[in-house]
Amino acid sequence: MNSKSVVVIGAGPGGEAAAKRAAELGAQVTIIERAEVGGLCLNAGCIPSKMLLEGGRLLRQVRSAAYLVGGSTASIHWDMLQEKKRGLVTHFRKSLEQRFGQLKIRLVRGDARFVSPHSVRVTGPEGAQNIDFETAVIATGSAPFFPPPFDPSVQDILDSDRVLNLTQVPKSLVVVGGGAVGLEFACLFHELGTAVTVVEKMPQLLPGEEASVSRFLQQSFEKRGIKVHTEQTVTSAEKSSDGWRITLSKGEECFAERVLVCVGRRASLNDLGLELAGVSVERGRIAVNDFMQTSRASIYAVGDVNGLSLLAHAAAVQGSVAVGHMMGKGTSYAHARVPRCLYTWPEVASVGEWTHSASIKDLEVKTQRFFFQGSAKALAAEEGEGFIQILSNKKDGRLLGAQIIGPHATELIHILSVALAAGQTVDQLRQVIFAHPTLSEGIPGALGR
């Protein structure tokens with residue numbers, strides 16, 4: 001067994017995965033966390049937001065089922081949903097701490113700062129102490145970014161953390177940022193009765209996503225009454241006693257009780273003493289190679305701090321890759337295989353290449369689709385919106401990527417993730433037998449079997 005001493009800074013998804021993997025491989029592991037274990041994902045991100053979103057999704061399903069008595073008048077108990085959210089977070093937090101204990105991972109509370117390439121100083125509730133290590137993993141995550149004109153009003157503006165703990169549902173809300181986080185909250189609060197306006201500076205919602213998927217999602221939002229302004233920015237934000245007056249770059253004005261800003265996040269690197277450890281920072285992020293190594297070979301950086309992806313599951317994979325490399329048992333990070341999921345309704349998910357990314361690589365792409373309007377299972381559930389799109393190489397039929405917008409897209413995408421990881425061709429995927437009636441039989445439906 002390897003008795004290498006490993007320090008992990010940050011107990012979010014990346015740090016958690018790194019610490020567990022290192023402990024399983026026999027290392028002596030210390031994980032340092034300044035707040036609660038689980039990081040942003042568990043405490044103020046993936047888990048609590050999905051709990052609230054699930055409440056909104058269930059409410060929508062009940063309301064849409066006209067054959068249910070009282071379905072159209074269904075409502076939600078916000079206080080009860082918030083309490084259920086808190087209970088879920090507490091449960092997983094305790095489970096994670098117990099798992100650390102079972103693996104003999106030492107958990108230290110406090111702020112960590114490098115004092116040399118092989119030592120950190122931790123200042124916490126029990127005072128200050130120096131912890132030496134052979135290798136380290138930086139997994140300190142990121143924090144919300146507030147651009148002008150919101151930067152002077154940070155305390156009054158909602159961000160992705162504070163919006164989770166609202167004591168009551170606002171009557172109106174302006175969401176600045178049409179990325180994944182902003183759109184999920186826009187979808188949720190609209191379902192709860194809030195008048196929602198979304199402002200996105202790029203030409204489409206979900207910048208970078210497949211254009212046809214983004215258009216479909218915007219049309220779905222607008223059909224339900226969510227206002228969407230693309231190719232616009234906020235030029236002024238004035239707060240009054242009854243809310244906010246927002247002026248857009250094309251001269252339009254929006255009035256809302258609350259404003260939620262979700263325009264991006266910045267890596268949490270302040271006060272880490274990276275210069276003392278010999279770790280290079282480029283454009284506000286820690287530079288890493290395919291094994292998550294920084295400019296100091298014995299120090300790795302995973303998750304939001306390296307800027308490769310802001311997804312929790314990507315951070316977890318990077319944590320395992322980093323430890324595997326330091327222990328001589330790993331492979332490189334395969335970013336193209338990371339699925340991307342949006343938990344709005346309809347849901348959105350993708351993996352591998354988009355049509356625009358494939359064209360940049362001069363790949364000749366074949367695009368095939370199946371619309372959920374042709375799915376008996378989708379129509380039975382009154383969820384016929386959306387489609388499955390599969391991209392393959394015209395030359396050899398090999399799968400390149402897939403995009404799904406529609407019911408349970410975030411689950412269905414993994415069928416195509418497995419096929420992509422296995423290097424399958426369209427013909428090989430056609431040989432898989434899918435049950436009927438299911439949503440997943442839309443995959444062979446797209447391929448024309």
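On full extension, the segment bounded by ASP362 and LYS104 gains 87.9 nm, given 0.36 nm per residue less the C-alpha separation. Accessible surface of the stretch 63-127, 1.4 Å probe: 55 percent of it comes from carbon and sulfur atoms. Computed over protein heavy atoms with a 1.4 Å probe, the accessible surface of the chain works out to 46 Å² per residue.
Expressed as a whole percentage, what fraction of the accessible surface of the stretch 4-55 belongs to carbon and sulfur atoms when a 1.4 Å probe is rolled over the protein heavy atoms?
Solvent-exposed carbon and sulfur of the stretch 4-55 make up 49 percent of the total.
Distance between the pseudo-spin-label points of SER116 and VAL69 (7 Å out from Cα toward the beta carbon): 7.6 nm.
Along its principal axes, the chain has C-alpha extents of 63, 63, 43 angstrom, given from the largest down. For the stretch 1-115, the number of Lys pairs with C-alpha atoms closer than 21 Å, counting only pairs eight or more positions apart or on separate chains, is 10.
With K and R counted +1 and D and E -1, the other residues having a Cβ less than 12 Å from that of GLY179 yield a net charge of 0. With loop membership from DSSP and a limit of 16 other Cβ atoms within 10 Å, the longest segment of the chain without GluC sites (Glu not before Pro) is 1-125. Placing +1 on the Cβ of every Lys and Arg and -1 on the Cβ of every Asp and Glu, with no other charges, gives the stretch 12-148 a dipole of roughly 380 debye about its Cα centre.
When nucleic acids and ligands are ignored and a 1.4 Å probe is applied, CYS254 ends up with an accessible area of around 10 Å².
Taking every C-alpha pair closer than 8 Å and separated by at least 6 residues, the mean separation divided by the residue count of the chain gives a relative contact order of 14 percent. Within the chain, CYS187, CYS254, CYS262, CYS341 have no other Cys Cβ under 4.7 Å of their Cβ and so lack a disulfide-compatible partner by this rule. Using Cβ point charges alone (K and R +1, D and E -1), the dipole size of the chain about the Cα centre works out to roughly 720 debye.
The fraction of accessible area contributed by carbon and sulfur in the stretch 338-436 is 55 percent, rounded to a whole number (1.4 Å probe; ligands and nucleic acids excluded).
Computing FRET efficiency as 1/(1 + (r/R0)^6) for ALA421 and GLU253, where r is the C-beta to C-beta distance and R0 is 51 Å, gives about 0.55. Could you please report the charge total around ASP271, scoring K, R as +1 and D, E as -1 over all other residues with beta-carbon less than 9 angstrom from its beta-carbon? Value of the local net charge: 0.
For LEU205, what is the net charge nearby, where nearby means another residue's Cβ is under 15 Å from its Cβ and Lys, Arg count +1, Asp, Glu -1?
-1
Which of the three applies to the stretch 290-449, rounded, prolate or oblate, going by the alpha-carbon gyration tensor with a ≥ b ≥ c and a/c under 1.5 meaning rounded? Note, shape of the stretch 290-449 comes out prolate. Label point 7 Å out from SER332 along Cα-to-Cβ: which residues of the stretch 280-312 have amide N under 14 Å? From the stretch 280-312, the list is 288-293.
Bridge orientation summary for the chain: considering DSSP beta bridges with both residues in this region, about 60 percent are antiparallel.
Just subtract the alpha-carbon distance of ASP242 and PHE145 from 0.36 nm times their residue separation and send over the number in nm, one decimal.
Numbers: separation 97, 0.36 × 97 = 34.92 nm, distance 2.51 nm.
Using 0.36 nm per residue and subtracting the Cα-Cα distance, I get 32.4 nm.
Could you work out the relative contact order of the stretch 1-60, using alpha carbon pairs under 8 angstrom and six or more residues apart, expressed as a whole percent? Once normalised by length, the contact order is 34 percent. Sorting PHE434, PHE189 on solvent-accessible area from highest to lowest, probe radius 1.4 Å, gives PHE434, PHE189.
Report the residue, chosen from SER241, SER268, SER298, that carries the largest GNM mean-square fluctuation when the chain is represented by alpha-carbon nodes joined by springs under 10 Å. Evaluated over the chain, the most mobile residue of the options is SER241.
The values are calculated or read from the model by the stated rules, or taken from the named source; none is laboratory data. Predicted model only: the values in this text are computed from it and were never measured. Ideal geometry is used to build each Cβ from the backbone, glycine not excepted, and the neighbour counts take in all protein chains shown. Heavy atoms of the whole protein, side chains included, go into the accessibility calculation; ligands, DNA and RNA do not. Shrake-Rupley method; radii C 1.70, N 1.55, O 1.52, S 1.80 Å.
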